[in-house]
Structures are given as structure tokens and as C-alpha cells.
Amino acid sequence: MEVKTKQKQKSLMIISRSFPPFVVGSSILMSNLFDSYEGEAKALACWQYQTKIDSGFTTPCETFYLKMPNAFLQRVFDRFQHKLMFINRLFIRKHLKKHRPDLVFFVYPNAPFLVAAYQVCRSMRIPYVLQMHDLWEENYSIEHPRGALARKWEAQIYKNALRRFSMTKIQQAHYKNKYNLPIDILPHTIRPERIESGLADWKHRQKLGQSSKNYTVVYTGNISSAMNLDAIRQLVLAVDLLPPEVKVKMFVNFNEEQCRNLGVYHELIEYDWLPISKVQEEMREADVLFLPLSFKNAAMDEVKTVYATKTLDYLVSGTPILVFSPSDSFHSISAKEKGWGFVVTKDSPKALADGINRLRNETDLGDSLVSAAFEEAESRNAIKYAGQINQLVNTI
């Protein structure tokens, strides 16, 4: 009798500097995608003393961290990481030799960690795929150390990748034009249970109707001079143009003094930082979610191509989204084409206040936006894309 031997399952190693439990964009994206991954996977990441931790934000697979002995040494390492890449290489090589993955999944946006991973994979002849969360070379000046790394390594990393993934169609076109190489789309994804629970909650709230006298506008996420600072300042100025019953809340990683220094403080705005689950509750209870991108004085190529991580939570919140960004940005184009957000492309506090007031007065418009947002969320169902990665691993 012939006995069939069970074929060994092929394995994937994810290499991303940011990973749960640290609450930053790339960590959230990796968690969403690989929480639905059914194959064998492990991850390599960096411990980040300066980044907020959410104890409920757990890793989707076994994870090994490059960890400095204390926060001071971590700050030194982060500052000079481009000169200390040998530490990254030693850490990555140790685990690739131990676990022998069939495929490595690189994630940018951390240049020194990415370059070190590339160098080790090439020397060990391990195939890799590359996912770009942000642009690289375009976001740094010639003088910046990471700009120098990009000019030396970006083309090589792209050329030698087994597959290359962009987050949006505009980013895909950008890199196709730049390198004349095939680029696939691997978008920001959403866990299926988040879509299902969000939709059920929204339908339940529709039956109950509105009860609060106040009308709340919520912003969550980072404040970045490169990506949204000037747009958030316009929201602060718009507060004085809104009726008194309209309240604004910001859940950001900055205290009141830092917000004052950035020019985004207003005495009528409520500021706080909360764990992910609590912020999601605030999103569901809000009346409008503010989704800004920079109009000026920023990394405009990045603004055009990016898809902000917070958009994922916004889409499944059951709350209308107000997109405040340039007309040629992917955010504005996608929201207009698919109807998942009310788009304001005029860079002024009055235009922003007018948009908020229109959503406040037209409840049918808000319902239409939310319905389209859930359709957009379903198109980003993590099960579909995690399955594609698993299929790719098993073809190696």
C-alpha cells in the first residue's frame, strides 16, 4: 500500500520595524492583514520604547523583537540607525538562519531596517516581496541620511523583488513610471469581523435614531507636518465658524502643550489619547469623522499617493466621513468616485465649516456616505488578500 507523505507547509517571515503592540500605522496594517493569514508565519520587528502600547493590540503571529536594553539606548540607536545597520543585519540574519522561511515579506517605511533585511536576504538567497506603505526617495532631501539610502538601494530592492506591492492605484502608477516594472496592488485591509460588527451596529443605531443635542466632529491619529498639519489647523480655525452645539474632539498622540506649539489648539476642542477599542467607540458615537491631508508645505507626492491608516476604522464606524484634501489626492479621487466620503477640496476654514454644516443638515447624505463606506470596506476584506499572500508563499 502506497503511503503519501504529508508535504511540509511553506513558511513566511514578515519583516516590519513596526508591529503590534505598538500603535502606529504600519503595525495596524500588518495586524489587519496577517490576522486573517492561515499559513505559517513569523515576524521580526523593533521594540519601540517611545511609542504608545495598547495591551489589547496583540500580534497576529509569533514575533521576535530587536530590543535595546533601555529607552536611552533606543533613542541613540534610532537617531543613528542608518550608521548602525549592522545591528539590524545581525538580528535579521540570526532569525532567518534559525527559522529558514521560504519567503520574506518586506515592509517600508523604515529605510535602515528595510535595507538590512534586503542585504541579508540577498546574501542568503531567500526570495522576498516588497510592500510600500509610503513613498521613499521622494520623501527625503538629498542631505537626509534616509534619502541617501533611497538613492543607493531603492532601485535594487525593487528590481530584485519577486513581487512588488503598492497601496493605491496612484502609488502603483508612480512606481511603474519610475522603474518600468510590474507593480501589484495590495491595499490597506480590514478584518471581516470589523466589517460585520460595524454594519450591524450602524443598522441598530439607525433604528434608535439620534438622541444627542450636540453634533460631534472627531479626528483620530497622528499630526504630521509632512502629511496633515496645515489641514488640521484649518479645522481649528473652522471651530469659530461653527454653531455652538457642534463639538470637536481630537484623539492624538500629543498633549495640550504640544498641540499649542503646533498651532492646533483651541479651548473649545477636547483633546485625548485612548486605546484603540475606546477610540473606535468614539468614532461610532461621533456625527462626522474628519479625514485631512495637507494642501501645502508638505510631501505632496506622498499626499497624492497615500491612503491614511485611520481610514480603515472610519469606513466601518457607521459615521459619515468628511475628506479634506487636495483634488488630485487618492483620498479625494476615491471618495468622490465611490461615494464613501464627503469631499472638500477648497483649502479654507469656511469651506470646511460649510461641509460640516451640510452633513449636519442633510441626514440622507450621511446615510448614503456610510452605506458606500461599508461597500468600500468589503472590497478591502483581509481574508481575500491574506489568501493571496498564502497562495504566493505556496508557489515558491
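Structure above, values below:
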quantity: Subset of segment 94-110 [buried (at least 18 other Cβ atoms within 10 Å of the Cβ) and either modelled with pLDDT of 90 or more or part of a strand (DSSP E or B) (or both)]; calculated: His95, Leu96, Pro101, Asp102, Leu103, Val104, Phe105, Phe106, Val107, Tyr108
quantity: Filter result (assigned to a helix (DSSP H, G or I) and at pLDDT below 95) within segment 81-93; calculated: Gln81, His82, Lys83, Met85
quantity: Only listed residue being assigned by TED's automatic domain parsing to the domain that holds Thr305, modelled with pLDDT under 95 and at negative phi, chosen from Ala238, Ala226, Ala231; calculated: Ala226
quantity: Matching residues in segment 295-310 - criterion: being more than 16 Å from the chain's Cα centre (by Cα) and either closer than 20 Å to Phe165 by Cα or in a loop (DSSP other than H, G, I, E, B) (or both); calculated: Phe295, Lys296, Asn297, Ala298, Ala299, Asp301
quantity: Single unsatisfied condition, Lys338 versus (1) within 19 Å of the chain's Cα centre (by Cα); (2) surrounded by fewer than 23 Cβ atoms within 10 Å (Cβ to Cβ); calculated: (1)
quantity: Verdict on Val248 being surrounded by 14 or more Cβ atoms within 10 Å (Cβ to Cβ) and within 20 Å of Ala298 (Cβ to Cβ); calculated: no
quantity: Tally of residues being in contact (Cβ under 8 Å) with a residue 24 or more places away in the chain and acidic (Asp, Glu) across segment 106-163; calculated: 2
quantity: Top-ranked residue in segment 62-116 [being of a type in the set (Lys, Arg) and over 26 Å from the mean Cα position of the chain (by Cα); ranked as farthest from Asn394 (Cα to Cα)]; calculated: Lys83
quantity: Failed criterion for Tyr219 (all others in (1) of a type in the set (Phe, Trp, Tyr); (2) assigned to a helix (DSSP H, G or I); (3) under 21 Å from the mean Cα position of the chain (by Cα) hold); calculated: (2)
quantity: Tally, over segment 371-396, of residues that are surrounded by fewer than 14 Cβ atoms within 10 Å (Cβ to Cβ) and touching an Asp or Glu at 6+ places or on another chain (Cβ under 7 Å); calculated: 1
quantity: When residues of segment 25-46 are limited to those that are of a type in the set (A, V, I, L, M, F, W, C) and either surrounded by fewer than 19 Cβ atoms within 10 Å (Cβ to Cβ) or more than 16 Å from the chain's Cα centre (by Cα) (or both), the one nearest to Val393 (Cα to Cα); calculated: Ala41
quantity: All positions within segment 345-370 that are surrounded by fewer than 15 Cβ atoms within 10 Å (Cβ to Cβ) and polar (S, T, N, Q); calculated: Ser348, Asn361, Thr363
quantity: Single residue of segment 47-80 satisfying the filter (of a type in the set (S, T, N, Q), surrounded by fewer than 17 Cβ atoms within 10 Å (Cβ to Cβ) and more than 19 Å from Ala111 (Cα to Cα)) that is modelled with the lowest pLDDT; calculated: Ser55
quantity: Subset of segment 319-333 (residues that are surrounded by fewer than 23 Cβ atoms within 10 Å (Cβ to Cβ) and either in contact (Cβ under 8 Å) with a residue 40 or more places away in the chain or in a loop (DSSP other than H, G, I, E, B) (or both)); calculated: Pro326, Ser327, Asp328, Phe330, Ile333
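The values are calculated or read from the model by the stated rules, or taken from the named source; none is laboratory data. Given the structure is predicted, the values throughout are model-derived calculations rather than measurements. No Cβ is skipped: glycine too gets one built from the backbone with ideal geometry, and neighbour counts run over all protein chains shown.
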